[in-house]
Amino acid sequence: MGKLIALHSYKGGTGKSYLSVNLATIYALQGKKVCLLDLDFRAPTLQVVFEPKGLKCFLNSVLEGTISVRDCLLDCSDKLENKGKLYVGFADFSTEAIREMVTKGKKWEIEALQRIYKMRKELLDDMKFDIVLVDTSPGIQYLSINAVVASDVAVVVSTLDDADIMGTSKMLKELYETFEKETAIVINKAIGGAEWADPDKNKVVEDLQNKYKEAVIGILPCFCEVGRLKRGDLFVLQNPKHPFTEMLRVIAAKLDLF
Amino acid sequence: MKRRPLIATHRKVFITMGRYLCLVIEVFDTKTERSLMSKTEIDTNALSKMEKEFSSMRIYLEQVLTLQKEILEKLAKETEKRIDEEEDGSSEGGLSGGISVAVLLKLPDHLRKTMIALSKLIEGRADEVANITGRARAIESGYLNQLVRLGYVKKVRRKHQIYFAVESGA
Ligand SMILES: Nc1ncnc2c1ncn2[C@@H]1O[C@H](COP(=O)(O)OP(=O)(O)O)[C@@H](O)[C@H]1O
Ligand SMILES: [Mg+2]
């Protein structure tokens, strides 16, 4: 039985989208059947990575209940030079669609959560995906955490920015603990050297590590070459020996154990 | 709450059980010098004493079960009442059924766990829910019925089996 892994964060720009794409690539290269979904309806990203041509169906419609997720996935295995199986579901990136999402009411919220559960069952039970990775919007609005609630494992990505760490800790306490979520924490863009010597920041990470001991499954440094590449270039595919890739492989293996 | 009588009855069970065990040792344990087994005849008096202790133990155990059931039912009623009251205060246009993150957050911990497990199944039996939560089937069955009464779950009968399904939010 496969599992649904949601990537989430308190603040934006922590690397959720970047990590979900590269984790999906790692799993697919391992021979797993992988599905990657963009449920960040407020800032869709995956279309920039996979450049789908003539796309007609978006996950927005799946959550509206007008279409099933099966009909909304695009086989993007060629992006991996066909070395693995990767299917991607996109979010509608038109301005109107993004605006519309923000105005959704309570009724939609209820239906959306149930449709995400349905989507999970269809992908895992019927289509037999080994891994379904879900990229979400940052923050604690219900729109963002629907996918987190329906996930089997949630990965919370945080930077070392104090505001991010504080918000993340609060979110873990108030939300994740309430839902008894299987949670993994990844610290991303950790700046090495001088920054690490900063006692305040060290203390914050230490606190987080003490409080959620087994939960912190990786600390990824900031690599300039990671930020420099275009979105369309899959880093782990092109740089299989790079430390970032090696570290992400360890994170993928740890997630497997959940 | 009937906590005090429950504890008192439990105590009675243990005292009776203690007396019973002493008799067992006296009659059957051949290692102790006092064992009656070595004698040609077992003291029938001891056997009837054992029987007496045993039946009073049974009565006490039955009392414990009844008291426990009453407590569980009372707890369930109170939870329902509390949620009903909260619903009344916050309902928007009488939206009934269906779960959202907001509803899940409002449920007490034990019911939330059941609700999330059933949501994953979309539709399932109490034992399937119990498989996910790791709690006993009978307990999940109780919680699922509570969720039915709250309007978040509906019961479906299929081939003499009872299935539970998440209410659609319509
Ligand atoms: N470890 C890293 N080192 C350097 N740059 C990174 C790293 N991780 C992510 N980035 C960059 O950070 C930016 C924001 O990442 P993104 O995945 O879009 O964030 P989010 O989806 O959480 O909003 C991207 O340009 C990405 O290339
Ligand atoms: Mg993103």
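Sites listed here are GluC sites (Glu not before Pro) in segment B:111-170 whose DSSP assignment is loop and whose Cβ has at most 13 other Cβ atoms within 10 Å, and the list is empty. Pairs exceeding 18 Å between alpha-carbon atoms, taken from B:Lys74/B:Lys106; B:Lys81/B:Lys106; A:Lys173/A:Lys211: B:Lys74/B:Lys106. Set the Förster distance to 41 Å, then compute FRET efficiency between A:Asp126 and B:Glu80 from the Cβ-Cβ distance, nearest 0.05. Step by step, r from the Cβ atoms, then E = 0.70. In this rough spin-label picture, where each label sits 7 Å from Cα along the Cβ direction, the B:His10-B:Ala136 distance is 1.4 nm. Pairing chain A with chain B buries about 1900 Å² of accessible area. This figure sums both sides and uses a 1.4 Å probe. The amide H of B:Val153, built 1.01 Å from its N in the peptide plane, has B:Val148, B:Glu167 as neighbours under 5 Å, considering only residues 5 or more places off or on other chains.
Taking a sphere under 9 Å around the Cβ of A:Ile98 and counting the other residues whose Cβ falls inside, with K and R at +1 and D and E at -1, yields a net charge of -1. The packing ranking, built from the mean of other Cβ atoms within 10 Å per residue, places the peptides A:138-149, B:54-65 in the order A:138-149, B:54-65, highest first. Note on A:Arg70 and A:Arg231: their simple-model spin labels are 3.0 nm apart, each label 7 Å out from Cα toward Cβ.
Write out the chymotrypsin sites (Phe, Trp or Tyr not before Pro) in segment A:33-67 meeting two conditions: DSSP loop, and at most 15 other Cβ atoms within 10 Å of their Cβ. Here no chymotrypsin sites (Phe, Trp or Tyr not before Pro) fit, given the DSSP loop and packing criteria.
The apolar share of the surface of segment B:101-166, taken as the fraction of accessible area on carbon and sulfur atoms (1.4 Å probe, ligands and nucleic acids excluded), comes to 50 percent.
Think of the protein assembly as shown as a dipole: +1 on every Lys or Arg Cβ, -1 on every Asp or Glu Cβ, centred on the Cα centre; then among A:Gln114, B:Ser48, B:Gln68, B:Ser48 lies furthest on the positive end. Couplings 3J(HN,Hα) of segment A:65-78, computed from phi: x, 8, 8, 8, 4, 3, 8, 10, 9, 10, 6, 10, 4, 5 Hz, in residue order, whole Hz [Karplus 6.51 cos²θ - 1.76 cosθ + 1.60, θ = phi - 60°; x for Gly and Pro]. Measuring against 26 Å, Cα to Cα, the residue pairs A:Lys33/A:Lys104; A:Lys83/A:Lys254; A:Lys203/A:Lys241; A:Lys16/A:Lys104 contain A:Lys33/A:Lys104; A:Lys203/A:Lys241 as the ones spanning a longer distance. Take the Cβ atoms of A:Asp256 and B:Val156, set R0 to 35 Å, and the FRET efficiency comes out at 0.45. In this structure, the pairs whose alpha-carbon distance is over 29 Å, taken from A:Lys56/A:Lys181; A:Lys106/A:Lys189; A:Lys11/B:Lys155; A:Lys56/A:Lys85, are A:Lys56/A:Lys181; A:Lys106/A:Lys189; A:Lys11/B:Lys155. Interface burial in segment A:85-115 reaches 30 Å² or more for A:Lys106, A:Lys107, A:Ile110, A:Leu113, A:Gln114, comparing the full protein assembly with the chain by itself; accessible area from heavy atoms with a 1.4 Å probe. The trypsin sites (Lys or Arg not before Pro) of segment A:16-55 that meet both conditions, a loop assignment by DSSP and at most 13 other Cβ atoms within 10 Å of the site Cβ, are A:Lys53. Between A:Glu182 and A:Asp78, the modelled labels are 3.5 nm apart [label points 7 Å from Cα along Cα→Cβ]. Residues in the protein assembly as shown average 52 Å² of solvent-accessible surface per residue, probe 1.4 Å, ligands and nucleic acids excluded. Taking all protein chains together and rolling a 1.4 Å probe, A:Glu225 ends up with roughly 70 Å² accessible.
The values are calculated or read from the model by the stated rules, or taken from the named source; none is laboratory data. This one's a predicted model, so the numbers in the text were calculated from it and none came from an experiment. Positions of Cβ are generated from backbone atoms using ideal geometry, with glycine treated the same way; all protein chains shown enter the neighbour counts. Calculation scope for accessible area: heavy atoms of the full protein, side chains included, ligands and nucleic acids excluded. Shrake-Rupley method; radii C 1.70, N 1.55, O 1.52, S 1.80 Å.
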